[in-house]
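All of the numbers you see were taken from the coordinates with simple rules; none came from a lab. Not measured: the values here are computed from a predicted model. Every residue, glycine among them, receives a Cβ derived from its backbone with ideal geometry; neighbour counts consider all protein chains shown.
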């Protein structure tokens, strides 16, 4: 289990070449351990850019991202990739599962990459597949299951290695209403049960985790922050 520390960003600025304004313009946030944080905003508000900065995937033009004693962008690429594998669980809009692997093997993948033996990794995957109500679908590949089942498997993969932080980028954007509520409920329940910090970005304010802190972003700046 990765250590539980606050995930903090200081004065983040991201200026893409040829863009008329920064994608992020001085964003500072503290996400406490085991907290549930939702970043909302319209398309182009900077919310996905912020999430990628927090994940160590988008180096800011200015500013810092710190987790415990790790200053993320002072690490080299290899060190940052190792930190991300150990510390972060990622959920993307379209699941981004490995197409050649079954849902079960996709869920187990982070553990195997971290050196967990296959038997133990699959035991953890089976436990999560049961919680996620995947049933026999866990033995199928992503192309052989529904979008909702694939996204539930993506949630399982993100939580498999018990990361300190789960980052979810529009995790229900490609789903229908029923599956949106189901996936958000499962994601919320699992991160709370595992003691992870959740940071989720969305433009859909009708499907949110319960009792979440809501951070409003517009034009790359924080416009509101309320529990």
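Using a Förster distance of 30 Å, how high is the FRET efficiency between residue 192 and residue 11, based on the Cβ-Cβ distance and rounded to 0.05? Given R0 = 30 Å and the Cβ-Cβ separation, E is 0.50. Classify region 98-227 from the C-alpha gyration tensor, please: rounded if a/c falls under 1.5, else prolate or oblate depending on whether a/b exceeds b/c. Prolate, since a/c reaches 1.5 and a/b exceeds b/c. For the chain, the longest principal axis of the C-alpha atoms and the axis of helix 177-194 are separated by about 90°.
Here the translational diffusion coefficient of region 168-227 follows from Stokes-Einstein with Rh set to the Kirkwood radius across Cα pairs; for 4 °C and 1.567 mPa s it amounts to 105 µm²/s.
Based on DSSP H segments of at least four residues, each scored -39500 (n - 2.57), the chain has a per-residue ellipticity at 222 nm of -10500 deg cm²/dmol. Per residue, the convex hull spanned by the alpha carbons of region 1-119 comes to 144 Å³. In a Gaussian network model over the chain where Cα atoms closer than 10 Å are linked, find which of 32, 95, 196 has the largest mean-square fluctuation. Ranking 32, 95, 196 by mean-square fluctuation puts 32 first. Between the beta carbons of residue 204 and residue 226, assuming R0 = 22 Å, the FRET efficiency works out to 0.80 to the nearest 0.05. Rounded to the nearest 10 degrees, the inclination of helix 118-131 to the longest alpha-carbon principal axis of the chain is 80 degrees. Once the Cα atoms are used to define both axes, helix 103-113 deviates from the longest principal axis of the chain by about 60 degrees. The Rg/Rh ratio for region 7-226, using Cα coordinates for both the radius of gyration and the Kirkwood hydrodynamic radius, is 0.97.
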